[in-house]
Amino acid sequence: MQQQHLPLSEIVGDAAAAAPADQAAKDKPAAPGLKAPAKVMVFQDAWEHIDLEGQHPAAAAAAAAKPQPKKGFAALRALKPSAVLRREFWSRRRLLLVLLLLAVLALALGLGIGLGTRGTAGGKAAHGGKARSTYKPRTSSVLPAAARKVTAAEAGDTGQLSSLLQLKAALDPGGVLDKKWTEEGGRNRGYCSWKYIGCDSTGEVVEMVNLTTDSYVMVLTGTLPPAAAFKGLPGLRVIDIRMNAIKGGLPADWGTLAGQLEVIKLSQNFLNGTLPESWAKLGPSLKELSLWDNDLSGTLPEAWEDLVVMEKLDLSYNGLEGPLPDAWAGLGSKGTGLRELLLDVNQLTGPLPEAWGALTSLQHLLVSENRLEGPLPDVGAQWPAMRELWAEYNGFEGPLPESWGKMSHLEKLALNDNALKGTVWASFANL
């Protein structure tokens, strides 16, 4: 069959064409706030544009005849009443407006309005300064269905309260959490009314600890607790501690929480160290793991292939290195399937595995800004659900596989800044 050949740059983008022209940059109009040398003098003109030495002789003599001559604006009123009063009035009016704006800003900060949130588009400056893709991964809005419903009798009152206080001790050495987080305030299951705690429909069993913050009103600065701290929380399914300043490593013994935790969100902290192989034991229950924008290092553990009900795995914006494991083709193999695999902005090397064609439920794959290389795998026909595939800023080479034109649900494909060559198959016209 005669194939239609299109320029490769139409699909993968041309980095040179994306750069702004020098002349366009020179002709760019100045920012609105920079046209202000004349306006800078607004608060000074009442003083600098009145000559106190060269006034009318009669007015000067009248002022000199007074035993205690007035100073400042009183003197100016005596010399040029109308002009000075107008200038004084407008200067004071501007000052009042500035003070009013400052008061409103202080009130907003005091009420905890999110005037300054931690960004999610750029990551930390230490990760190279390149902006992340516009795609924002979905977040869980509801609690996942528990594998086994824990009764209030099983959970107990004392055990749950003790575990929550252990969590607070580890995560919050600065004491920024609600003052109700005390032994006295948590008795008789009072902890179910605490902010950041979610209990089941009976109001007795803790199912969620959500300590994430979208502002700097509350920032936790501690470390992650050992698995023993969760012993009294058999019903806990979700732990969310995003956007804080948690430091230290990922506790290896969290792998013993198999069958309990279903969602772990620890992104945008200062966590370091490697990814624990022992977390593979969370496979029977863990559906979502978000660790993006931390300081993690080391390689991707092959043992994580045992995370067989995983639906979303986000490890972006770290310092991870080494190859993409072929074994990860088993991620989500016993659940509804892995839908999101986000590995962009790391230092990963090697090819994009052909074995990953087994991830047939994959909808979002992000591997941009790594050191990946080699030809693109011919697995497009095995990814029918793919919607977004970001692989720019790598070292991929060779032609585009014809099968990639069969990803019928594809909405975004980014392959710019690679070493791809050749022509584009006619099947890409159907995307």
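Roughly how many percent of the accessible protein surface of segment 246-428 is carbon and sulfur, given a 1.4 Å probe and a whole-percent answer? Don't skip to the end; give the middle numbers.
Working: 3030 of 6140 Å².
Roughly 49 percent of what the probe reaches on segment 246-428 is carbon or sulfur.
Along the Cα→Cβ direction, 7 angstrom out, place labels at THR158 and VAL308. What is the inter-label distance in nm?
Distance between the two pseudo-spin positions: 3.9 nm.
Give me the accessible area per residue for segment 246-428, probe 1.4 Å, as a whole number in Å². Spell out each step's value before the answer.
On the way: 6140 Å² over 183 residues.
Per-residue value: 34 Å².
With a point put 7 Å past each Cα toward its Cβ, work out how far GLU373 is from LYS179 in nm, to one decimal.
Placing both labels 7 Å beyond Cα along the Cβ direction yields 6.1 nm.
Separation of segment 335-384 and segment 168-244 by C-alpha centroid, Å?
So the two Cα centres are separated by 35 Å.
Heavy-atom accessible area of ARG189 with all protein chains present, probe 1.4 Å, nearest 10 Å²?
For ARG189, solvent-accessible area is about 60 Å².
Label-point separation (nm) for THR423 and ALA381, each offset 7 Å from Cα along Cα-to-Cβ?
Rounded to a tenth, the inter-label distance reads 2.2 nm.
Report the gain in length on full extension from ALA103 to THR221: 0.36 nm times residue separation, minus Cα-Cα distance, nm rounded to one decimal. Could the numbers behind the result be given before it?
Working: separation 118, 0.36 × 118 = 42.48 nm, distance 2.96 nm.
Answer, rounded to one decimal: 39.5 nm.
THR202 to THR336: FRET efficiency via 1/(1 + (r/R0)^6), r the Cβ-Cβ distance, R0 22 Å, to the nearest 0.05? Numbers along the way, then the final one.
Working: r = 28 Å, r/R0 = 1.26.
E(calc), rounded to 0.05, equals 0.20.
List the pairs from LYS179/LYS247; LYS180/LYS287; LYS195/LYS281; LYS179/LYS265; LYS179/LYS231 whose alpha-carbon separation is above 28 Å, in the order I gave them.
Values: LYS179/LYS247 23 Å; LYS180/LYS287 31 Å; LYS195/LYS281 31 Å; LYS179/LYS265 24 Å; LYS179/LYS231 23 Å.
Over 28 Å apart, Cα to Cα: LYS180/LYS287; LYS195/LYS281.
Students often check this: by mean Cβ neighbours within 10 Å, which of 167-180, 290-303 ranks highest, and how do the rest follow?
Ranking, from highest mean packing down: 290-303, 167-180.
Can you compute the FRET efficiency between ALA252 and LEU96 using 1/(1 + (r/R0)^6), with r the Cβ-Cβ distance and R0 = 51 Å? Round to the nearest 0.05. Intermediate values should be presented prior to the final figure.
Working: r = 60 Å, r/R0 = 1.18.
After rounding, the FRET efficiency stands at 0.25.
The values are calculated or read from the model by the stated rules, or taken from the named source; none is laboratory data. None of these values were measured; they are calculated from a predicted model. In this analysis, Cβ positions are derived from the backbone assuming ideal geometry, glycine residues included, and neighbour counts consider all displayed protein chains. Calculation scope for accessible area: heavy atoms of the full protein, side chains included, ligands and nucleic acids excluded. Shrake-Rupley method; radii C 1.70, N 1.55, O 1.52, S 1.80 Å.
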